[in-house]
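The values are calculated or read from the model by the stated rules, or taken from the named source; none is laboratory data. Because the structure is a prediction, the values reported are computed rather than measured. Cβ coordinates were reconstructed from backbone atoms using ideal geometry, including for glycine residues, and neighbour counts include every protein chain displayed.
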Amino acid sequence: MSDNQKYQRFGKYLIMDHLVDGGMAKICRARYLGEQANKLVAIKMVQPQYSNDEAFVRMFQDELNITFGMLHPNIMQVYDYGKTNGQLYTAMEYIHGADLKKYLDRLKEKNKVFPVEISCYIISQVCLGLHYAHTFTDKLTGKPFNVVHRDISPHNIMLTYDGAVKVIDFGIAKANTNSEATQAGTIKGKLSYLAPEYLEGMELDARYDEFAVGITLWELLCSEKLFKASNDLAVLKQIQACKIDAPSKKNPLVPKELDAIVLKALSKDRANRYDNLDQMNRALIKFLYSQYPDFNASNLKNFADELFTKEIEADGSKFVTWGNVEVQPYIEEMKREESKTGKISKKDVAVKAQVEERIKIREIEFSAESSQSLGIEIEKKAGELNDTRRLARASLQSPKNAPSKSKTPSSTVKKSDKEKTASRLVSKKELESTEKSSSPSIIIFIIAASFAAFAYLQADLVEDIIGINFRKMVLGEETASRSVSSLPTTKTTPMQNISNTEFHEGEVVLSGVDFEMDVIIDGVKTEFAGAPLKVALDKDVTFIIKKNGFVPFVSKVKLTKDNTSAVINVPALDRARTGLLSVSLSYSAGSKLVYEEAGQKVERELPVKDLPVLEGHYQASIINPILGTEKKVEFNIEENKKHFLE
C-alpha cells in the first residue's frame, strides 16, 4: 500500500478515520470496497452491547424505516445497513462540511454573526427537506408516514463546504412506522428546542418541527441561544411562557419583515404558525430575493471557504492520500471471507457451473425377450484434460446371442465380462473423428431407440396420439396392464442396478403433465420432457405441479432400494381462487414476507403490492436476515378481494 499503513476493514468498507466516538456509536469515514466504485461514505457503527439490545435494535429499525426510502437533496441519504462483527451499522452519504453549531462557534471566535441573507437561505433549504419528510408517503399504498423529526437544532443541520444544506439524524423521529409509542414522562429531543405543545402533552405534528426551525433561525440571526437558564426547570418555564423578543432587538441588521416570519413560526399557539414548512419556505424566499436580489446559493460556499479554510485544505490532503491506498488486497480478503461463509459472487457461480458441466447421452435398446435397457453415456468434465472426454459405451448385444437361463420373456439376461460396459479415454480430436465417421445407421438407431423408450414409458400418452400402445406390443395385454411402479420391484434391469448401487437413484414417472405445467422437485424447477425423473433413494421428495391460474398439485414420494420407481398420476387441476395482498413500506429494507402456499415455502421481498395469493388463512413471518429480527403475522385472503398488511 502506498502509505504503508494498515487500515481496518469493516465488512465491505475500509475505515479511513474516526469522526465521532460516542458511548453508543461511533461515526467513521470509510471507502466503499468495490472494484467498479470509488465512494467515500460515513458509517455509523453501533457498539456491540447496544447492537444486541432488543430495545435499541427496535429504535435502530424505526430510524431505518423512516430514512431508507427518502431521497431528497436536503436530507442525508442512507445507502446501506446491516450487522458486521456483531455491530449494527448504517452507511450514509458522507457530508464534507460542518454542522450549524460549528459555524456559530467559529463566528463567535471571529466576533462575527451570520449574514442575514445566508441565514434565510439555510433555513429555507431546511424547510424544503423537512416538508418532504413530513409529507413522505408509502408509494405502494399511498399511506402517509406522518414523520415528525423531533430533534431539529443547529447540531442536526449540516452545511457542506460546497454550499449544500442537509438535515440529518432521524433517530428519534416520530412516524406511523414506529414499532412502539413514546412512554409518558420521557423527553425526546434537546431541551432548549422543545415546543410548548410538547409540555402540554399534545399529539405532535409537522408544526412541532416548525417551532424548532424558528428557534434555529432566531439563533442564527442573534448569535445566542433563545431559551437558556441556569437549570433545566427554568428552561422549561421559559418555553411554557414562550415570551420571545424579535430578532431585530438583538441584531439591528434584521429587517422587520423577517421579524414577522420568525415570530409567526415561534407562536405559542401552533394554530397561529404556518400551516406547513412549504409556506414558511415561500415566505423566506420571497423576503430573501426582495431584500437581497443579487444573492446566489454559491455565496454559502464562499462563506464556508472563509470560515473553514484550514479544515478544507487538510481534508483535501487526506482524501488524496486515501485515494492512493491500494484497496485490491482488502477486496481479495473480503472475497475470501465471503467464500468461507458461503457467499459466492455471480462470477464464481458461473465458473463453478462450468466446472460441474456434464453432458449425458443414453441409448436404450428394448428386446422382446428381455425387455432390458442398455446405456451409453458421454461425460465431459472441466478440470480434467481440456480436450479430453470420457466415453463409456455399452456393448450392444442382439437377442439371439444373449445367454439366458430361461426361455420365458421375463427372464433376466446375464452378461459376460467382455459384454459389460467398457470405458476408455479419447481426445477431443478422436471423438470428433469418430462422430464424423459414424454410419448413418447408428444415428438412426439412436433416434429410434429414444423414441421407443418414450413410447414405452409414456404408452398411454402415445396411444392417445397415434392409436398404438407400445407397452402392450412388447409385454402383451396382461403384463402391460400391471402397474408400472410394480415392475422394477420384481425384475431390475442392469442399468437400474447401476443407478441404485452406484448413484443411489430411482425413477419417478409423471402422468397427466402437459406442456403448460411447471414441474418443481424439492423447490427446484425441473425441465420435464416426458422421460422418467431421477430422484434420490431413501429421501422424501416433494413434487409440485404448477400451472398459471390453477391450484398447484402436491405429491410426496419416497423411493427405496426395494422400490426404485413410482408413478404419479396428476389429476385435472382445479382453477385457482386468489386475492391480492399488499404490504406497507413500514418494514425496513431487506425485510421479507415468508409463508407457505400449496405446500411450498414462499419468500417475498417487501414491500409488495397486489401480490396474487391463493384464497385461505395464512400464518406468516416478516423477517429481516440482516438485523436478525422476526415478526409473526396472520392474514386472510378472499377471492377477488384486496388485503392490506400493516
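For residues that are over 14 Å from residue 31 (Cβ atoms) and of a type outside the set (A, V, I, L, M, F, W, C), scanning just the stretch 312-332, find the one that is modelled with the lowest pLDDT.
Residues of the stretch 312-332 that are over 14 Å from residue 31 (Cβ atoms), as a first pass: 312-317, 332.
Add one more test, that the residue is of a type outside the set (A, V, I, L, M, F, W, C), and what stays is 313, 315-317, 332.
Working: 313: 94, 315: 93, 316: 93, 317: 92, 332: 88.
Only one residue tops the list, namely 332.
Test residue 78 against the stated conditions and say whether it is surrounded by 15 or more Cβ atoms within 10 Å (Cβ to Cβ) and either of a type in the set (Ser, Thr, Tyr) or over 20 Å from the mean Cα position of the chain (by Cα) (or both).
Values: surrounded by 15 or more Cβ atoms within 10 Å (Cβ to Cβ): yes; either of a type in the set (Ser, Thr, Tyr) or over 20 Å from the mean Cα position of the chain (by Cα) (or both): no.
Criteria not met by residue 78.
So if I check each of 535, 594, which one is assigned to a strand (DSSP E or B), crowded, with 19+ Cβ neighbours inside 10 Å and touching a residue at least 24 places away in the same chain (Cβ under 8 Å)? Full working, then the answer.
On the way: 594 fails: crowded, with 19+ Cβ neighbours inside 10 Å.
On inspection, the qualifying residue turns out to be 535.
So how many residues does the stretch 597-623 have that are surrounded by 14 or more Cβ atoms within 10 Å (Cβ to Cβ) and free of Cβ contacts under 8 Å to residues at least 12 places away in the same chain?
1
Does residue 568 satisfy the condition of being assigned to a strand (DSSP E or B), of a type outside the set (Gly, Ala, Ser), touching a Ser or Thr at 6+ places or on another chain (Cβ under 7 Å) and at pLDDT 90 or above? Spell out how you get there, then give the answer.
Values: assigned to a strand (DSSP E or B): yes; of a type outside the set (Gly, Ala, Ser): yes; touching a Ser or Thr at 6+ places or on another chain (Cβ under 7 Å): yes; at pLDDT 90 or above: yes.
Here the answer is yes, as residue 568 does meet what is asked.
Can you name every one of the strands (runs of 3 or more DSSP E) wholly within the stretch 57-151 that holds 1 or more residues which are more than 23 Å from residue 298 (Cα to Cα)? First the steps, then the outcome.
Values: elements: 78-84, 87-93, 97-99.
Once the strands (runs of 3 or more DSSP E) in the stretch 57-151 are filtered for at least 1 residues that are more than 23 Å from residue 298 (Cα to Cα), what remains is 78-84, 87-93.
Name the one entry in 62, 17, 53, 80 that is farther than 26 Å from residue 629 by Cα and charged (D, E, K, R).
The unique qualifying residue is 17.
What are the pairs, 6+ residues apart or on separate chains, where a residue within the stretch 245-259 that is in the same structural domain as residue 285 (by TED's automatic domain parsing) has its Cβ under 7 Å from a residue that is surrounded by fewer than 14 Cβ atoms within 10 Å (Cβ to Cβ) and not in a loop (DSSP other than H, G, I, E, B)?
248/256
Which condition breaks for residue 16 when tested against (1) at pLDDT below 85; (2) in contact with a Lys or Arg (Cβ under 7 Å, 6 or more places away or on another chain)?
Among (1) at pLDDT below 85; (2) in contact with a Lys or Arg (Cβ under 7 Å, 6 or more places away or on another chain), the lone unmet condition for residue 16 is (1).
So is residue 639 in contact with a strand residue (DSSP E or B) (Cβ under 8 Å, 6 or more places away or on another chain), among the charged types (D, E, K, R) and part of a loop (DSSP other than H, G, I, E, B) or not?
yes
Would you please list the contacts, defined by Cβ atoms under 8 Å and residues six or more apart or on different chains, that run from a residue in the stretch 122-143 that is more than 24 Å from residue 583 (Cβ to Cβ) to a residue that is of a type in the set (Ser, Thr, Tyr)?
Pairs that qualify, where the first residue is more than 24 Å from residue 583 (Cβ to Cβ) and the partner is of a type in the set (Ser, Thr, Tyr), are 123/216; 126/216.
Do you know which of the residues in the stretch 545-559 that are over 18 Å from residue 613 (Cβ atoms) and touching a residue at least 24 places away in the same chain (Cβ under 8 Å) is surrounded by the most Cβ atoms within 10 Å (Cβ to Cβ)?
In this case the residue turns out to be 559.
Any residue in the stretch 40-59 that's of a type in the set (Phe, Trp, Tyr): show its pairings with residues that are buried (at least 18 other Cβ atoms within 10 Å of the Cβ) and in a helix (DSSP H, G or I) at Cβ separation under 9 Å, as long as the two are six or more apart or on different chains.
50/57; 50/60
Take the residues of the stretch 624-646 that are more than 28 Å from residue 45 (Cβ to Cβ) and of a type in the set (A, V, I, L, M, F, W, C): which is surrounded by the fewest Cβ atoms within 10 Å (Cβ to Cβ)? Step through it out loud before you land on a result.
Residues of the stretch 624-646 more than 28 Å from residue 45 (Cβ to Cβ): 632-646.
If we keep only those that are of a type in the set (A, V, I, L, M, F, W, C) too, we end up with 633, 635, 637, 644-645.
Details: 633: 15, 635: 19, 637: 21, 644: 13, 645: 19.
Per the criteria, the residue is 644.
Keeping to the stretch 271-302, report how many residues are farther than 14 Å from residue 128 by Cβ, crowded, with 20+ Cβ neighbours inside 10 Å and within 42 Å of the chain's Cα centre (by Cα).
Keep residues of the stretch 271-302 that are farther than 14 Å from residue 128 by Cβ, which gives 271-273, 275, 286-287, 289-296, 298-302.
The next check asks that each one be crowded, with 20+ Cβ neighbours inside 10 Å; those that pass are 273, 300.
Restricting the remaining residues to those that are within 42 Å of the chain's Cα centre (by Cα) gives 300.
Residues meeting the conditions: 1.
Take the conditions part of a loop (DSSP other than H, G, I, E, B), buried (at least 17 other Cβ atoms within 10 Å of the Cβ) and modelled with pLDDT under 90 and apply them to residue 170. Does it pass?
On the way: part of a loop (DSSP other than H, G, I, E, B): yes; buried (at least 17 other Cβ atoms within 10 Å of the Cβ): yes; modelled with pLDDT under 90: yes.
Yes.
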